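Here is the structure we will look at, set down as structure tokens.
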Amino acid sequence: MTVPRAWWARLPDPVIDAVVVAVAVVDVLLSLVDASPVEQAMAALACAALVVRRRFPLPVFLLTLPAIMQAIVVAPFAALYTLAARSRDRRLLVACVIMFALASEASWLLNDLTSDDRTWTLVNFFYALAAVAVPVLLGQLVQARRDLARRLVEIEEAREHERLLHSQAVLTRERAQLAREMHDVVSHQVSLIAIQAGALQVAATDPDFKEGACTIRSLSVDTLDELRHMVTLLRASGGRASELTPQPTLADLHRLVTTSGIDAELTGELPPGTSTTAQRAVYRTVQEALTNVRKHAPGATATVRLWHADDGAAFGVTVTNTPPTRPSLPLPGAQQGLIGLRERAELLGGTFESGATAEGGYEAILRIPAGTD
């Protein structure tokens, strides 16, 4: 469900920028009544820089610092808010707050002050720090709200996908149950009808009776063929892992990587003659690893590397992803997928390992000994 935004949030960015620049110009006109040409030029530059504050927030903030010493606050506050709303570097924001406060008291610090003036300058410095913290905290709040909204959309999409999978699983069970009932009950009864009709056809002496028994037997055989065809279709459409539904192999791996919804790259190759069972294990490992990247590392890139040892003793796949570029909310999970991959590897006599990398990403490695059937 999409929450409607406030009217001011629906305004185009150029309109908001124009309003901010207009307010900053009014602030300059009220503050610099008898200013020198140099001061007016610095104030005009600070106001003009606000037009590109969304693309270059840090340079724009630095350009507005000289205006602070002239008691101009709208342009520096707007630039600092934009920087706080777009930067995730907390140390940079703290440094900008300190620079803002120092610039606001620079005119006092450059003059010869008495002890009382120094005390009030220090007090005013801390007041300035408290005032500057307001746009920084507001910008960080807007950034956190934006990240939260993005994650809520991703969670809702994941829930919708889970609901779809659940409905498909229910439908699969119902189709499988229906197929079993048709095979075990209906087909059995129709087979008995065909057998009895055949026996009557052989034993009958009356031509009309014999023809009727032949018709019954023929209809029963045709019905039995139709039932068997329907059972085959039900089992195949139900997604049962049987001979009716082909399992994925290496031929399907490229499509899996390209349609995973993340920036992923497939490299390397497995040795020729790899068994179908081993190919299926590699496919399932890549599928689970890419799913985990999409769920737990938003914005990360992944590399899927197929490999085989130089001595031919083993082969496998390594899936590595970079750290996430966006913050993620903790999602509940029992890691059943990783447990299933480890059990699948053990059935083939291999190993499955996973864990964090030194760069902050994650890596999953499947190793299968050569000669596995």
request  = Considering only segment 340-372, state which residues are assigned to a strand (DSSP E or B) and among the hydrophobic types (A, V, I, L, M, F, W, C).
outcome  = F352, A356, A364, I365, L366, I368
message = On the basis of being at pLDDT 85 or above, touching a Cys at 6+ places or on another chain (Cβ under 9 Å) and in a helix (DSSP H, G or I), does V142 make the cut?
response = no
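Being over 30 Å from A297 (Cα atoms), of a type in the set (G, A, S) and either at pLDDT below 75 or touching a helix residue (DSSP H, G or I) at 6+ places or on another chain (Cβ under 8 Å) (or both) narrows it down to one residue among A179, A158; which is it? Can you show your working first?
Working: A158 fails: over 30 Å from A297 (Cα atoms).
Step by step, each of A179, A158 is checked, and only A179 is over 30 Å from A297 (Cα atoms), of a type in the set (G, A, S) and either at pLDDT below 75 or touching a helix residue (DSSP H, G or I) at 6+ places or on another chain (Cβ under 8 Å) (or both).
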message = Among the residues of segment 49-65, what is the count of those that are free of Cβ contacts under 8 Å to residues at least 24 places away in the same chain and within 16 Å of I16 (Cα to Cα)?
response = 2
ask   = Taking segment 10-68, which residues are out of contact with any Asp or Glu (no Cβ under 9 Å at 6 or more places or on another chain) and outside any helix (DSSP H, G or I)?
value = L11, P12, V33, D34, A35, S36, R55, F56
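Identify, from the list G312, G316, the residue that is touching a residue at least 40 places away in the same chain (Cβ under 8 Å), part of a strand (DSSP E or B) and assigned by TED's automatic domain parsing to the domain that holds A364.
Numbers: G312 fails: part of a strand (DSSP E or B).
Result: G316 is the single residue among G312, G316 that is touching a residue at least 40 places away in the same chain (Cβ under 8 Å), part of a strand (DSSP E or B) and assigned by TED's automatic domain parsing to the domain that holds A364.
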key: Filter result (assigned to a helix (DSSP H, G or I) and not polar (S, T, N, Q)) within segment 246-281   = L250, A251, D252, L253, H254, R255, L256, V257, A278, R280, A281
request  = Take T301 and decide whether it is over 16 Å from L266 (Cβ atoms), at pLDDT 90 or above, β-branched (V, I, T) and surrounded by fewer than 17 Cβ atoms within 10 Å (Cβ to Cβ).
outcome  = no
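In segment 200-232, which residues are among the aliphatic types (A, V, I, L, M) and in contact with a helix residue (DSSP H, G or I) (Cβ under 6 Å, 6 or more places away or on another chain)?
At the first step, the residues of segment 200-232 found to be among the aliphatic types (A, V, I, L, M) are 200, 202-204, 213, 216, 219, 221, 224, 227, 230-231.
Listed by number, the residues that qualify are L200, A204, A213, I216, V221, L224, L227, V231.
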key: Single residue of segment 23-49 satisfying the filter (surrounded by fewer than 13 Cβ atoms within 10 Å (Cβ to Cβ) and small (G, A, S)) that is modelled with the highest pLDDT   = A41
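The values are calculated or read from the model by the stated rules, or taken from the named source; none is laboratory data. Predicted model only: the values in this text are computed from it and were never measured. No Cβ is skipped: glycine too gets one built from the backbone with ideal geometry, and neighbour counts run over all protein chains shown.
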